[in-house]
Structure formats: structure tokens, C-alpha cells
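The structure under discussion appears below in the form of C-alpha cells.
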2 protein chains.
Amino acid sequence: MAGNTSAPGASVTSRALALLGAFDERHRRLTLTQLAERAGLPLPTAHRLVGELVAWGALSRTDEGCYVVGRRLWDLGLLAPVQTGLRELASPYLHDLYGATLATVHLAVRDGTEVLYLDRLAGHTSVPVVSSVGSRLPLHATGVGKVLLAHAPAEVQRSVLAELPRLTAYTITQPGLLRRQLARVLREDHATTSEEMSLGACSIAVPIRRGPEVVAALGIVVPSLKDRARLAGALQVAARGIGRSLGTG
Amino acid sequence: MAGNTSAPGASVTSRALALLGAFDERHRRLTLTQLAERAGLPLPTAHRLVGELVAWGALSRTDEGCYVVGRRLWDLGLLAPVQTGLRELASPYLHDLYGATLATVHLAVRDGTEVLYLDRLAGHTSVPVVSSVGSRLPLHATGVGKVLLAHAPAEVQRSVLAELPRLTAYTITQPGLLRRQLARVLREDHATTSEEMSLGACSIAVPIRRGPEVVAALGIVVPSLKDRARLAGALQVAARGIGRSLGTG
DNA sequence: GCGAAGCTTCCGGTGAGTGGAAGAGTGGAC
DNA sequence: GTCCACTCTTCCACTCACCGGAAGCTTCGC
């Protein structure tokens with residue numbers, strides 16, 4: 001379970017990349033030994049490569065001797081054209097939603113069998129929110145995930161329904177129940193969750209369409225679903241606005 | 001002027017990194033030939049290394065055959081601890097400012113002799129805004145830049161004042177004039193620009209303090225400075241709020 | 001159809017990368 | 001103070017994976 005291992009004899013580049021790949025959401029700070037292990041490299045090799053990466057700015061070393069992703073990679077990553085148009089166009093609508101709901105607002109797309117969060121407007125509320133920009137979460141336990149799953153190809157649905165890991169006591173782990181919920185998402189054009197991803201957090205989400213095709217999802221995180229109708233309405237108006245901009249952009 | 005050139009005999013890793021370093025704000029899309037030239041590598045070498053980088057996801061290839069920064073580097077870059085605490089704490093205040101002014105709001109720090117933009121809330125206005133998250137701009141031609149410069153060490157001021165590149169017809173290029181403005185920034189505790197960075201855009205900015213020390217700057221971009229007093233007031237309230245959170249965080 | 005520009009593949013020589021082994025720091029237990 | 005365990009750093013000779021010139025391959029424009 002130690003991340004990417006790179007077989008001996010692999011190219012130098014792939015070893016350096018294996019080191020970078022050792023970092024993820026759950027492992028933002030790693031010691032040299034951890035890095036070497038997760039990359040599947042001997043310690044001296046890791047030591048030398050990490051030295052080069054630090055010199056370039058791809059990694060940097062904290063005071064405590066741990067390694068973290070460096071600022072130069074932050075710069076570089078921001079140049080990546082990851083749905084740039086969508087994020088740009090959606091931005092004002094996220095603000096509007098935040099203004100109307102004061103809840104944390106999310107813009108997400110599907111990436112294989114996961115949700116990929118593209119943007120986030122964090123509210124002041126104390127509702128626990130586990131998703132941050134760039135993070136990936138399972139499709140079956142979040143509002144935006146259910147929306148994206150409901151509109152995903154059959155093979156993706158099959159693959160996701162085949163394994164529904166439990167995240168809280170309320171996570172839906174029965175394929176039949178989730179399948180009925182997805183049908184309802186298509187019917188009502190919005191999805192909800194109740195503490196299925198993390199305790200204390202509910203969510204409401206709607207699809208964003210470019211023409212007939214669902215290209216993304218818009219969601220908010222709230223402490224309870226009692227205001228569901230009003231919030232779903234607000235989300236749908238914003239989603240349509242974004243969809244319209246997409247069509248004409 | 002072709003970016004990083006890597007001498008022959010340099011390590012493999014440094015060659016791969018030289019390829020990544022070929023990308024910047026002004027060069028987000030490069031052909032193989034451009035990449036090879038900017039990295040100072042022979043074409044076949046660049047070709048092979050780029051192939052490995054693409055396979056890993058560090059780069060990707062567009063339909064037109066250009067290379068761009070890949071999604072995996074976007075993911076990775078977001079893990080970098082670049083002023084995470086500051087950005088997190090400032091976020092709600094940026095929203096508040098946006099709500100109060102409807103202008104584009106910026107959070108920035110000084111990075112050597114440049115401004116580094118950490119966060120941005122883009123307004124609906126048609127005012128041209130050249131700064132985006134992760135970008136760097138000269139300290140002498142932006143509002144946040146003047147604030148940060150006014151509070152920078154003497155050696156940084158000297159180095160910046162020694163060369164004031166002209167960006168528009170209104171850019172301040174006389175050291176004496178800029179020096180007087182910086183004194184005024186200290187006195188009035190806010191800075192302004194009038195079309196000094198890009199035509200049609202003015203800005204107002206204030207320092208963010210952690211205790212006595214200026215650690216960042218907060219600014220907005222507006223079409224004119226006529227509402228200067230009110231806007232500076234709003235900025236100062238927000239900056240104090242952020243500073244207070246920093247102190248207690 | 002031709003030429004030019006950009007991309008891709010090939011392959012033998014060679015020197016840069018590899019990683020075992022040994023040494024140096026660090027901190028905790030007694 | 002002494003020991004031990006752990007993590008990090010340096011060294012160096014062998015070898016094999018990288019290098020890049022040359023040649024072939026597309027894809028344009030004319």
C-alpha cells in the first residue's frame with residue numbers, strides 16, 4: 001500500500017516523478033524515509049533525487065525536517081488548463097450563491113469514478129467540510145457526486161455501485177437504495193446527502209448543463225436539509241446561468 | 001532569453017525540470033520545438049523526456065499538438081503549503097469586501113522584488129485585471145505592490161527603485177516620485193494606483209499586519225478612485241480583521 | 001508534386017546514475 | 001553519562017540506461 005513503487009531499472013525521470021507522486025491529500029508532509037518507502041526507492045537514491053528537487057523548488061524542507069510540495073510546483077500547477085473556462089465563468093455565480101445562502105459552495109466535475117473539486121467558496125459556518133480544491137471524493141457520498149453519478153455512463157455507475165465504502169454511519173452502502181436515489185435525482189434534478197460523507201454535514205447539489213449534456217455539478221454544504229426547496233431553487237438558477245454562459249462562451 | 005538552459009552533462013532530473021521550467025505565465029502552451037529550445041535541450045532528448053512527463057501526467061498534449069501543464073501537477077501544486085493559513089483566514093474577508101464593493105479583490109505577499117498574488121475574487125466588472133492567483137507583478141505599479149514595497153527592507157526598496165520599467169503611459173518611473181508616494185503610503189496607511197499597471201484599472205490597497213509586522217496586502221481593482229475614502233475604509237477594516245485572526249490563529 | 005518545417009524513431013558509445021556500505025547526527029531510556 | 005535505535009548523509013566503483021546525431025516520417029503551404 002506504499003504508493004507508487006518504481007521497479008529497479010526504471011528511468012531516472014520516473015524515479016523523480018515517483019517521489020513527487022508520494023505526496024497526496026493524506027500525505028502532505030513526508031520524511032525522507034517515508035518518501036523513499038512510498039516511492040519504492042533505496043534511501044540514498046531518494047536522498048539525492050530529493051536534493052535535486054529541493055534545489056529546483058519542486059519540494060521544500062520544513063524546519064522539522066519533513067519535505068513538502070514546493071512553491072514552484074504551486075506556481076506551475078496553477079498554469080494547468082483544468083477547466084479554466086468553466087471555473088472562470090462559474091466564479092461570479094458561486095459568489096452569488098454564497099451571498100444568498102452563506103453556505104460553503106462547490107463546483108465539481110466527475111473524474112473517472114471520483115468527484116474532482118474545481119472550486120470552493122468556504123462559508124463562515126461551522127459545518128465540517130472535507131472537500132477542498134483539487135481533492136477527490138467518492139461519487140456515492142456527496143451531493144455533487146450523486147448528481148454526476150446519476151448522469152454518468154452505465155459502466156461508471158456499475159463500477160461505483162459495485163463497491164460503496166462506508167464513510168459514516170449514514171453512508172448509503174446498498175446498491176439498490178442508491179440506484180433508486182439516482183433515479184430520483186434525474187426526476188427532481190437535484191441531489192441531497194445527510195451526513196453520508198461526514199457527520200454534521202448535509203448537502204444539496206444540481207447539475208450544470210452545456211446544452212443537453214451534464215458537464216459539472218454545483219453544490220452547497222449545510223447543517224440541515226430543512227430549507228431544501230429554497231436552496232435547490234437557488235442552485236438551479238445559478239446552474240442554468242453558468243450553463244448559458246458555457247453555451248455562448 | 002530562452003528560459004532555463006541546461007548545460008550538457010547536467011543530471012537527467014535537471015533536464016526534466018528544465019522542461020517544466022519552460023512554462024510560465026506568458027508561455028502556457030508550447031510546441032515540442034519551443035520546449036526544447038527554452039529548456040536548452042536537443043530535440044530528441046526533449047521528445048523522450050516530454051513523453052515520460054506526459055505519461056505521468058505532469059504535462060499533457062492538446063489537440064493541436066501543443067504541450068500544457070497537466071492535471072496531475074495541478075493536483076500536486078495545490079498541496080503546497082503556500083501561506084495556507086493566511087489564505088484560509090483571509091477568505092471570508094475577501095468575500096465580505098467583494099460583497100461591499102463588487103470589485104475584484106486581491107490578497108498578495110511580497111516575494112523578493114515582486115508581488116505574488118495568493119488569492120483573488122474576480123468581480124463582474126469590465127475593469128481589466130492582469131493579476132491572477134500565482135502570478136507575479138512588479139512592486140512599483142500595483143496597489144498591493146506599493147504597500148508591500150513601502151514596508152519592505154531598505155535593500156529591497158533600493159533594488160526596486162533602481163529600475164522602474166514602464167508598463168503604461170502612467171507608470172511611475174521616477175525614483176523620487178515613487179519614494180514620496182511610499183512615504184505617503186506609510187503616513188496614510190493605504191496605497192493607490194491610477195492606470196499604472198494597465199489602462200482603465202485603478203487600485204487601492206492596505207497592509208495586513210500580524211502584530212507590528214506587515215505580512216501581506218489586501219487590494220481591490222476599480223475603474224476610478226472617486227470613491228477612494230470609503231473603499232480604503234472598507235479595506236482597512238477587513239485587513240485588521242485578518243490581522244486579528246492571524247494573531248490568535 | 002515539391003519543399004520545408006516539425007515530429008518521431010533508431011542505435012552504439014559512454015559517463016552519469018545507482019545503491020551497498022560506512023559514517024554522522026539526533027534523541028530517548030536508564 | 002552511556003548506550004542503543006533511528007534517521008539522515010556521504011562515498012565510490014561498476015554498469016547499464018541515457019544521449020543525441022542521423023535518418024525517416026508526417027503535415028503543411030504553395
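The values are calculated or read from the model by the stated rules, or taken from the named source; none is laboratory data. From a predicted model like this one, the values you see are computed outputs, not experimental measurements. Cβ: placed from backbone, ideal geometry, glycine included. Neighbour counts: every protein chain shown. When the accessible area is computed, the model is the full protein with side chains, heavy atoms only, and any ligands, DNA or RNA have been set aside. Shrake-Rupley method; radii C 1.70, N 1.55, O 1.52, S 1.80 Å.
Things worth noting here:
- For chain A, relative contact order (Cα pairs under 8 Å, six or more residues apart, normalised by length) works out to 14 percent.
- DSSP-assigned coil residues among GluC sites (Glu not before Pro) in segment B:21-113, each with at most 11 further Cβ atoms within 10 Å: B:Glu64
- Cα shape, the protein assembly as shown, gyration tensor, a/c 1.5 rule: oblate
- Here's how it looks for A:Leu139: its modeled amide H is under 5 Å from those of A:Val115, which are all 5 or more places away or on a different chain.
- Hz values of 3J(HN,Hα) by residue in segment A:176-190 - Karplus curve (6.51, -1.76, 1.60), Gly and Pro given as x: x, 4, 5, 4, 5, 5, 5, 4, 5, 4, 5, 5, 8, 6, 7
- Placed amide H near B:Asp111: partners under 5 Å, 5+ positions off or other chain: B:Leu116
- DSSP-loop trypsin sites (Lys or Arg not before Pro) across segment B:205-249, with at most 13 other Cβ within 10 angstrom: B:Lys226
- Between B and A, roughly 4100 Å² of accessible area is buried in total, ligands, DNA and RNA not counted and the probe set to 1.4 Å.
- For the B-to-A rotation axis, chain B residue with nearest beta carbon and its distance in angstrom: B:Gly77, 1
- Entry note: segment A:12-77 has Rg to Rh equal to 0.92, where both radii use alpha-carbon atoms and Rh is the Kirkwood radius.
- Classified by the C-alpha gyration tensor, segment B:84-248 has an oblate form. Its axis ratio a/c, with a ≥ b ≥ c, is 1.5 or above, and a/b does not exceed b/c.
- Each copy carries a label point for A:Asp96 at 7 Å from Cα along the beta-carbon vector; from one copy to the others these points are 2.5 nm apart, nearest first.
- Mean-square fluctuations from a GNM of chain B, with a 10 angstrom spring cutoff on Cα atoms, peak among B:Val215, B:Val12, B:Val69 at B:Val12.
- Using θ = phi - 60° and Karplus 6.51 cos²θ - 1.76 cosθ + 1.60, couplings along segment A:39-44 (whole Hz; Gly, Pro as x): 8, x, 10, x, 4, x
- Accessible-area composition of segment B:129-243, carbon plus sulfur, in percent [1.4 Å probe]: 54 percent
- A simple spin-label model places pseudo-atoms 7 Å from Cα toward Cβ; at B:Thr45 and B:Thr62 they are separated by 2.7 nm.
- For B:Gly70, the amide hydrogen comes within under 5 Å of the amide hydrogens of B:Leu59, B:Ser60, counting only partners 5 or more places away or on other chains and with H modelled in the peptide plane.
- Segment B:12-78 - percent of accessible surface contributed by carbon and sulfur, probe 1.4 Å: 52 percent
- Selection from A:Val237, B:Leu148, A:Ser194, by position along the positive dipole direction of the protein assembly as shown (Cβ): A:Val237
- Accessible area of A:His151 in the full protein assembly, 1.4 Å probe (Å², nearest 10): 70 Å²
- FRET efficiency, 1/(1 + (r/R0)^6) with R0 45 Å, evaluated for A:Asp96 and B:Arg210 via beta carbons: 0.90
- The string of couplings for segment B:56-64 from the Karplus curve (6.51, -1.76, 1.60, θ = phi - 60°) is 7, x, 6, 10, 9, 10, 7, 4, 7 Hz, one whole number per residue in order, with x for Gly and Pro.
- For chain A, a Gaussian network of Cα nodes joined below 10 Å ranks A:Leu30, A:Leu139, A:Leu186 by mean-square fluctuation, and the top entry is A:Leu30.
- Cut-off 14 Å between beta-carbons: net charge of the residues surrounding B:Thr45, Lys and Arg +1, Asp and Glu -1: +1
- Of A:Thr33, A:Thr13, A:Thr193, the one that fluctuates the most in a GNM where chain A has Cα springs shorter than 10 Å: A:Thr13
- Helix A:12-21 vs. chain A, principal-axis angle (Cα, 0 to 90°, nearest 10): 50 degrees
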